[in-house]
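Participant: Handing you this structure, nothing more for now.
The values are calculated or read from the model by the stated rules, or taken from the named source; none is laboratory data. What you see is a predicted model, and the numbers here were worked out from it, not measured in a lab. Cβ placement follows ideal geometry from the backbone for every residue including glycine, while neighbour counts extend to all protein chains displayed.
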Amino acid sequence: MKFWKNLAKDQFFAKSSAFSVWGGRAVGIRSALLSGLENDRSMAWETLDFQGTLCLRDRVVWHPLLPRDLTSEEGNEITARLLKFCSPAFMVIGVQEWTARLEGCLTNCRPTHRVHYIWMERPLEPVPQREPDPQLEVHWAGPRDAVRLFGLQEAYEKEEVLSDPSDFHSFSSFLHFRKQLESQLNAVVDHKGIPVAKAGTNALVEDWAQLGGVFTRPDRRGQGLQKRLLTFLLDQLWKMGRSACLFVKKNNQAALKLYQGLGFQALEDFEISYWKKGR
């Protein structure tokens, strides 16, 4: 390669730490680099001037950190890497300023779907606590809870993740969910022993946590369950020394209001785009 260089696995940890200067915007790529230390399916490249970095996680998800435009030579070379190592269908995920710079270089690929979000961050500060409700139990969830919580997870994926709910695959989803319960922080609200709301993290680094999987059973919405649940989760993150960030769909006004009420600030556009190789 003439315009990019490979990042060796033994550089992943140092790079993740160095990217802390970018705050919450870099949580995705930092987490991808750290997870790459434990598997052989993550790869990363860096421009020769150290100004741009791309991480390919599990051959499916591209995380760009691109504070400047790529030259045509850089774009052509990294596209060749993509065509060689990426799965036939892949995603580009990140703040729109960075994803647009990568997508502008992608040739012999076509976007199939885009979802637009707002990127939000919450500074590291205490969370005002709420009075407990004796009918509700807020607690941590782990791998042993996978079966009990999978109904909520399935509903979440069909409503918030998949563009076509018929694309849901129960077996692979369950395996991924159980792994997520092992590797991330997850909390749940039970009402009389029945889970009615969940929330957790989907990317963790030393000083930041990216929230995800936020879902309340439809018949229990509007009752303040997520505010209670996220207060619990954010309080724990504050005690760990982690600021919080997340992305939320632009048209989800109820969620935007909830997050702003918890101290999150809307900062910029965020995007997930879905691609296929070939024209």
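Participant: Does ASP10 satisfy being farther than 18 Å from ASN202 by Cβ, outside any helix (DSSP H, G or I) and not hydroxyl-bearing (Ser, Thr, Tyr)?
Facilitator: Details: farther than 18 Å from ASN202 by Cβ: yes; outside any helix (DSSP H, G or I): no; not hydroxyl-bearing (Ser, Thr, Tyr): yes.
Judged against the criteria, ASP10 is not a match.
Participant: Pick from segment 109-150 the residues that are over 21 Å from the mean Cα position of the chain (by Cα) and free of Cβ contacts under 8 Å to residues at least 40 places away in the same chain: which of them is farthest from ARG25 (Cα to Cα)? Please lay out each step first, then the result.
Facilitator: The first filter runs over segment 109-150 and keeps only residues over 21 Å from the mean Cα position of the chain (by Cα), leaving 109-110, 125-139, 144-145, 147-148.
Going one step further and asking which of them are free of Cβ contacts under 8 Å to residues at least 40 places away in the same chain, we end up with 131-132, 134, 144, 147.
Details: GLU131: 33, PRO132: 34, PRO134: 38, ARG144: 32, VAL147: 33 Å.
It comes out as PRO134.
Participant: Residues in segment 105-123 that are assigned to a loop (DSSP other than H, G, I, E, B) and either surrounded by 14 or more Cβ atoms within 10 Å (Cβ to Cβ) or at positive phi (or both): how many?
Facilitator: Selection size over segment 105-123: 3.
Participant: Name the single residue, out of those in segment 57-85 being part of a loop (DSSP other than H, G, I, E, B) and of a type outside the set (A, V, I, L, M), that is farthest from ALA26 (Cα to Cα).
Facilitator: Our first condition is that a residue be part of a loop (DSSP other than H, G, I, E, B); within segment 57-85, this holds for 58-60, 66-71.
From what is left, the residues that are of a type outside the set (A, V, I, L, M) are 58-59, 67-69, 71.
Values: ASP58: 18, ARG59: 19, PRO67: 11, ARG68: 15, ASP69: 17, THR71: 22 Å.
My answer is THR71.
Participant: Among the listed residues ALA80, ALA89, ALA8, which satisfies the condition of being under 22 Å from the mean Cα position of the chain (by Cα), of a type in the set (A, V, I, L, M, F, W, C) and either surrounded by fewer than 19 Cβ atoms within 10 Å (Cβ to Cβ) or at pLDDT below 95 (or both)? Even if it seems obvious, please write down each step before you answer.
Facilitator: Values: ALA80 fails: under 22 Å from the mean Cα position of the chain (by Cα); ALA8 fails: under 22 Å from the mean Cα position of the chain (by Cα).
Selected residue: ALA89, the only one of ALA80, ALA89, ALA8 that is under 22 Å from the mean Cα position of the chain (by Cα), of a type in the set (A, V, I, L, M, F, W, C) and either surrounded by fewer than 19 Cβ atoms within 10 Å (Cβ to Cβ) or at pLDDT below 95 (or both).
Participant: Only one of (1) touching a Leu at 6+ places or on another chain (Cβ under 6 Å); (2) more than 30 Å from GLN223 (Cβ to Cβ); (3) at pLDDT below 95 fails for VAL127. Which number is that?
Facilitator: Of everything listed in (1) touching a Leu at 6+ places or on another chain (Cβ under 6 Å); (2) more than 30 Å from GLN223 (Cβ to Cβ); (3) at pLDDT below 95, VAL127 misses just condition (2).
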